[in-house]
Amino acid sequence: MSDPGEFFHAEMTLRQKLWQINWGLVVIICATAVIGFAVLYSAANGSIYPWAARQMVRFSAGLAIMFTVALIDTRVWLRYAYLIYLGALALLAYVDVFGAVGRGAQRWIDLGAFNLQPSEVMKVALVLALARCFHAIRFEEIGRIRYLVWPLALVAAPAALVFRQPDLGTATMLVLAGGAMFFMAGVRFWKFGAVIAGALAMIPVAWHFLRDYQKQRILTFFDPESDPMGAGYHIIQSKIALGSGGIFGKGFLQGTQSHLNFVPEKQTDFVFTLLAEEFGIIGGLFLLALYLMLLIYGFAIAMRSRNQFGRLLAVGVTVTFFLYVFINIAMVMGLLPVVGVPLPLVSYGGTSMLTLLFGFGLLMGVYIHRDIGVDRSADAETL
Amino acid sequence: MYRDRSRYKMFTRRALMLSGGQAVLLSALATRMYYLQVIESARYQVLAEENRINLRLLLPSRGRIVDRFGVELAVNEKSYRVVIVSEQTKDVEETLDKLGAIISLSDYERRRVRHEIKRRRGFFPITVRENLVWEEVAKIEVNAPDLPGVMIDVGQSRRYPHAAAAAHLLGYVAAVSEAELTGEPLLALPEFRVGKDGIEKVHDLRLRGKAGASEVEVNAIGRAIRELARREGQPGDEVVLSIDMALQKFAYDRLGDESASVVVMDVHSGEVLALVSTPSFDPNAFTKGITTAYWRELTANLRAPLTNKAVTGQYAPGSAIKMVVALAALEGGILTPDHKVFCKGYIQLGNARFHCWKKHGHGHTDMYKGIQQSCDVFFYDVARRTGVDRIAAMAERFGLGQLLDIGLPGERRGLIPTRDWKLANKGVPWQLGETLIAGIGQGFVLSTPLQLAVMAARLANGGRAVKPTLVRSVRRAGEGKTADTGAEPPDFPEIKIGKASLEFITGAMNAVTNTPRGTAYRARIKEPGMAMAGKTGTSQVRRISMSERQSGLIKNKQKPWIERDHAVFVGFAPVHDPRYAVAVVVEHGGGGSKVAAPIARDVLLETQRRDPSGVSGPQRFARG
C-alpha cells in the first residue's frame, strides 16, 4: 500500500471484488465445518441423520449468505448498522414478551422452518452498531466520557434483555465483545479498570438476579463433585469423556461415553467432548489450530483495513468468534460454568451457524473493501 | 491525516494486546486439554469403563441334596414369573386388562405395577406376579401376540419334594438377612437364598456354588446395550446323605401326631439312616418367604415344630441307661451278674424312700431280671455300690454326655453328672440319693435321642466307638449316579468292654423284648431273623411327691400333657447279627413299653425289610 492517507474512492466492480475474496479464509471455514459434519455423523452413531445432513444444508445456505454479505459494500453496512441493531433489539424485546418458552428460557422465535434466536442475531448487530458509533467519534473525543454514553447504551440494552431471558452466556459474550470494541476504539485503560472494579462490586447484586438453576451451575462449577448425579453430572461426565480420549482418541465412531449418552447435549454444546473423545488431544488441538488461524485472519484483516469502521467491524467479529470458541471449550473442560454457548461451525444449530457465517461475510467484506475510504458520517454521499 | 495515523498506531498496539490476550487464553485451553487428556487420562479411562461396564452376577444353581440311593431331597425348581416391559407396549392399561383376563389381577397388584412403571425406566421389567403355575405360564405364552411387553421370566427356587418329613435334617433356605451380609456380592442379590438350618446351613458354602458374571455395556440411563464378556459360574456341589428317605418317611408317618423323635443308624458304619423329629414344618414355605400366619403357628406351637428334637432335645433317659450302669458295675469289678437284690417295691436310704416302678416289688432280682423287668430297686443298689463317677465314666464311653459331631446345627451335649460336676456347678457336694436316682437315668442325667441311638449301636456292635454321620459325600454336581459304596467305613476304636459282660448285657436286652416277662415283650418283632433287642425307659418330667404316692398314683393319661412322662426306647436288630440301632423318644408319651417300643419295633422292622446298609453298604461286618 502506498500512503495510508490516500483512499481508493472509486466503486469496485463485482469482478474486482470476487478477485479479492480471501479464499484461504473460506478453506479454513469449510475445513472446520467438515470436522463438524464428521462429529455430528458420529454423534448419530454413524448416520448423517438427523444432524449431519441438516447441518450441511445449513452450512451451504450460510456460505451463500457469507459471500453475499462479503460482496456488499462496507458503506452499506455502515449506513444500515443502526437499523439492523434496532431490528435485532426489537426481536429481543419480542421474545422477551412473546417468545416460546424452551428449556426454561425465552430464547426463540418459531419461524416454522426454524427457530430464530434473536440473541444470536444481536451478536453481529451489536458489533455493527458499535463499529459505526466509534467510527463516528473523533480520536480526541474518545477520551471524553460523554461520548461513551451512547455506545454504552448500545451494549447495555441488548445485554439486559438477553440476561432477562435468561441467557447468562450470551449476555456475557455481548458485554465482552462490546468491551473489546471499546478497547480497540481507544478508551483509556483506567476506565476499564474502573468498570471492572465496579462490576466486581456489583457481583452480589447480580447474584440476586440470577435464577436458581444459574446459581446452581455456578456453584457446581466450583465444586462439581458435590453433586455428581445432579448439577455436577454434566461437567464430570464431560471431563471423563475428554480424559478417556487420551492422546489419540478412541477412534472415529468409537467414543463410548458420548454414544452411551453419558455426555449430555453431545451434538450441540458438548460436541467438543465427542471430538476429543474420539480423536484425542490430537483432534482437539487440530481444531484449536484451525480456530487460531481464523483468529489470525481476523486480526490481520482488521489491521489491513484503512477505515475505522472496517477495523472495528473486523475486530468485533473476531472477538465474538473467539468468545464462542473459548467459552465453549473452557466450559466442557470444566474451566467455566456451564452456559449455553455452542462451538462455532461445529455444534449442531441453525442460528449460530448463520450468525457466524454472516459475521465471516462481514469480515471478508472488510478485506475486500479494505482500501475504500469511508466518511465519518455514514449518510455523506460524497463517495 | 495526522489524527488517523496516531489512531492507527494505537489500534495496532491494542490489536496486538488483544490478540496476545486471546493467545494466552487459547494456550490455557491447550494446557487444560493436555492435563485432562494426557496427564489424567489413565484415571479418566478407568472412570469411563466404570461408567460403561456393569458387572452383573449370574446366580449359580444351588447344589442338590440326595439320599443314599440318589432320591432327591432338595432340588431346584424352575419358577416362573410374569413381567411387563412398559416401553414395549403402547398401552400399559390395555395390556394389563388382557393379562388380567388370563391370570386375574387384583386391584392391588395393578396399582403396584403402575407405581413401579412410573418409578422405573421403560426398559426395566416389572414383576407382575411370581410363582406362576405351569397352566398360567402356558396360557400367557399362547396369548403372547396379544400381550406386547409381557414376558415370562424363568428363575430357580428351592424345593423339598418330601416337605416336612426331613425338614429338620435338611433345614431350609431363605432370603439373606442383614446380619448375614459379608460383602460378598452374591449375597446382595435379591434372588439369592442361603441355608438357614440343617444340612442347608452346615454345607451352605459348598451348596452355593460360584457366581458367574456378565459384563454388560450400559448407557447413561442403565439400559444394557450389549454383553461384552460372560463367565459362567459353577453350580453348587451335591450333598449325598446317608439317609434312606423311604425309611425317613416311614418313621415320620409312624410318629404321627406325637411330639417325638426317632434316630436309626448303622451300628458299624455310624451312618444315620433316619433322623426324624415331629411335629415338623414345611421347608418350602421359607423359600418363597414365609407368611406371618404360618410363622406364628409354628412358633406358638408347644410341641416346637421348628426344633430338631433328635439332636437338640435333652431328656432323662430313664431306665434306658440301665445297661450302662450294669456295665459300670461289671467292668469295675464291683459286682457279678449273679448279684441279687430283694425288691419289695422300694429301698430305704436314711429318711428317704426310693420307689420301684412296680409298687409291690420284683422280689429276688438278679442283674438279668433287673434289666429284663427294669427293676428300679435293683439298680438303686447297683448304683449305690458302683458310685456315680464310675457310672459317668462308662456313660461317656457310650457317647452319653458329649457332642457326637453329627454335623447339624444346635447339637446338644446332654449331661452325665459326676461329683466334681455338682460341686463346680451347684456348689454343694454330691448326695448319695442322687447316685441312686442317676442309676435309673433320672435326676441330673440328660441325653439326646441321637446319643441314645449311639449308645445302642455301641452295645450292639461289640463295643466299638461308632460315631454318627449324616453326609456320605459332597461332590461336584453331575458326578456319579448314586451314592457309591466303595468307601470303607472308618475303623472305630474299641471302647474296651469285656466280651462276656457285653454279651451278658445284650442277652438281657434280648430278654426285654423276646421273653414273656420282658417289659417290651408285646412290642417284639415276630418275623423270623429280624428279632430286636432293646430297653424301655420312662422318664419322669416331675418328681412324684409323697402325698401323691399315698393317695395313689395318678394314671399318666389323666395328667395334663405337659406333665406326662417321656416314653423312651433304645434297641437294635437283628439280634443274632446286629446291624441297625434305634432310639425313640416320645415327649410326654407315657410308658416306654407301651408307646416308644411299638414305634421302635415298626421302624426297625421296616429298616430290616429295606435293609439300606445291606443294599449299598459293605458286608465286612457280617458274622456267622
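The values are calculated or read from the model by the stated rules, or taken from the named source; none is laboratory data. Note that the coordinates shown come from a computational prediction; the quantities given were computed from them, not determined experimentally. Every residue, glycine among them, receives a Cβ derived from its backbone with ideal geometry; neighbour counts consider all protein chains shown. What goes into the accessible areas is simple: the full protein's heavy atoms, side chains included, and nothing from ligands, DNA or RNA. Shrake-Rupley method; radii C 1.70, N 1.55, O 1.52, S 1.80 Å.
Below are the figures for this structure:
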| item | result |
| --- | --- |
| Unmet requirement for A:Phe163, which otherwise passes all of (1) more than 14 Å from every other protein chain (Cβ to nearest Cβ); (2) open to solvent by 70 Å² or more (accessible area, probe 1.4 Å); (3) of a type in the set (Phe, Trp, Tyr) | (2) |
| Near pairs, Cβ below 6 angstrom, 6+ apart or cross-chain, from segment B:76-89 (charged (D, E, K, R)) to any residue that is part of a strand (DSSP E or B) | B:Glu77/B:Ser157; B:Glu77/B:Arg159; B:Lys78/B:Val154; B:Arg81/B:Thr127; B:Arg81/B:Glu130; B:Arg81/B:Asp153 |
| Residues (crowded, with 17+ Cβ neighbours inside 10 Å and either out of contact with any Leu (no Cβ under 9 Å at 6 or more places or on another chain) or not assigned by TED's automatic domain parsing to the domain that holds B:Gly198 (or both)) located in segment B:86-108 | B:Ser86, B:Val92 |
| Within segment B:226-242, considering residues that are among the acidic types (Asp, Glu) and surrounded by 16 or more Cβ atoms within 10 Å (Cβ to Cβ), the one farthest from the other protein chains (Cβ to nearest Cβ) | B:Glu238 |
| Residues located in segment B:1-44, provided they are facing chain A (nearest Cβ under 7 Å), closer than 27 Å to A:Phe272 by Cβ and among the aromatic types (Phe, Trp, Tyr) | B:Tyr34, B:Tyr44 |
| Residue tally, condition without any contact (Cβ under 8 Å) to a residue 40 or more places away in the chain, under 13 Å from A:Met331 (Cα atoms) and either basic (Lys, Arg) or at the interface with chain B (Cβ under 7 Å from one of its Cβ atoms) (or both), over segment A:236-268 | 0 |
| The listed residue being among the aromatic types (Phe, Trp, Tyr) and at the interface with another protein chain (Cβ under 10 Å from one of its Cβ atoms), out of A:Phe309, A:Phe322 | A:Phe322 |
| Residues that are surrounded by fewer than 24 Cβ atoms within 10 Å (Cβ to Cβ) and either under 29 Å from the mean Cα position of the chain (by Cα) or outside any helix (DSSP H, G or I) (or both), drawn from segment B:436-457 | B:Gln442, B:Gly443, B:Phe444, B:Leu446 |
| Neighbours by Cβ (under 6 Å, 6+ apart or cross-chain): first from segment B:290-314, outside the structural domain of B:Asn131 (by TED's automatic domain parsing) and over 19 Å from B:Ala163 (Cα atoms); second open to solvent by 80 Å² or more (accessible area, probe 1.4 Å) and of a type in the set (D, E, K, R) | B:Thr312/B:Arg412; B:Gln314/B:Arg412 |
| Filter pass, B:Ala164 being part of a helix (DSSP H, G or I) and either touching a His at 6+ places or on another chain (Cβ under 8 Å) or open to solvent by 70 Å² or more (accessible area, probe 1.4 Å) (or both) | no |
| Residues that are basic (Lys, Arg) and either surrounded by fewer than 15 Cβ atoms within 10 Å (Cβ to Cβ) or not in a helix (DSSP H, G or I) (or both), drawn from segment B:1-60 | B:Arg3, B:Arg5, B:Lys9, B:Arg13, B:Arg43, B:Arg56 |
| Test result for A:Gly249, among the small types (Gly, Ala, Ser) and in a loop (DSSP other than H, G, I, E, B) | yes |
| Conditions (1) at pLDDT below 85; (2) part of a loop (DSSP other than H, G, I, E, B): number failed by B:Val216 | (2) |
| Leading residue by the ranking (surrounded by the most Cβ atoms within 10 Å (Cβ to Cβ)) among those in segment A:278-306 that are at the interface with chain B (Cβ under 8 Å from one of its Cβ atoms) and under 30 Å from A:Ile240 (Cβ atoms) | A:Gly284 |
| Scan of segment B:62-85 for residues that are open to solvent by 40 Å² or more (accessible area, probe 1.4 Å) and either at the interface with chain A (Cβ under 9 Å from one of its Cβ atoms) or farther than 21 Å from B:Ala224 by Cβ (or both), ordered by number | B:Arg64, B:Phe69, B:Val71, B:Glu72, B:Asn76, B:Glu77, B:Lys78, B:Tyr80 |
| Residues of segment A:147-169 that turn out to be charged (D, E, K, R) and either under 16 Å from the mean Cα position of the chain (by Cα) or at pLDDT 85 or above (or both), as a count | 1 |
| Where B:Arg223 falls short, out of the listed (1) surrounded by fewer than 19 Cβ atoms within 10 Å (Cβ to Cβ); (2) among the basic types (Lys, Arg); (3) closer than 27 Å to B:Leu306 by Cα; (4) more than 16 Å from the chain's Cα centre (by Cα) | (3) |
| Which listed residue is open to solvent by 10 Å² or more (accessible area, probe 1.4 Å) and farther than 25 Å from A:Ile281 by Cβ, from A:Gly350, A:Gly310 | A:Gly350 |
| Single residue of segment A:128-146 satisfying the filter (surrounded by 18 or more Cβ atoms within 10 Å (Cβ to Cβ) and away from chain B (no Cβ under 14 Å)) that is farthest from A:Ile65 (Cα to Cα) | A:Cys133 |
| Members of segment B:526-543 found to be part of a loop (DSSP other than H, G, I, E, B) and open to solvent by 10 Å² or more (accessible area, probe 1.4 Å), listed by number | B:Lys526, B:Glu527, B:Pro528, B:Gly529, B:Met530, B:Ala531, B:Gln540, B:Val541, B:Arg542, B:Arg543 |
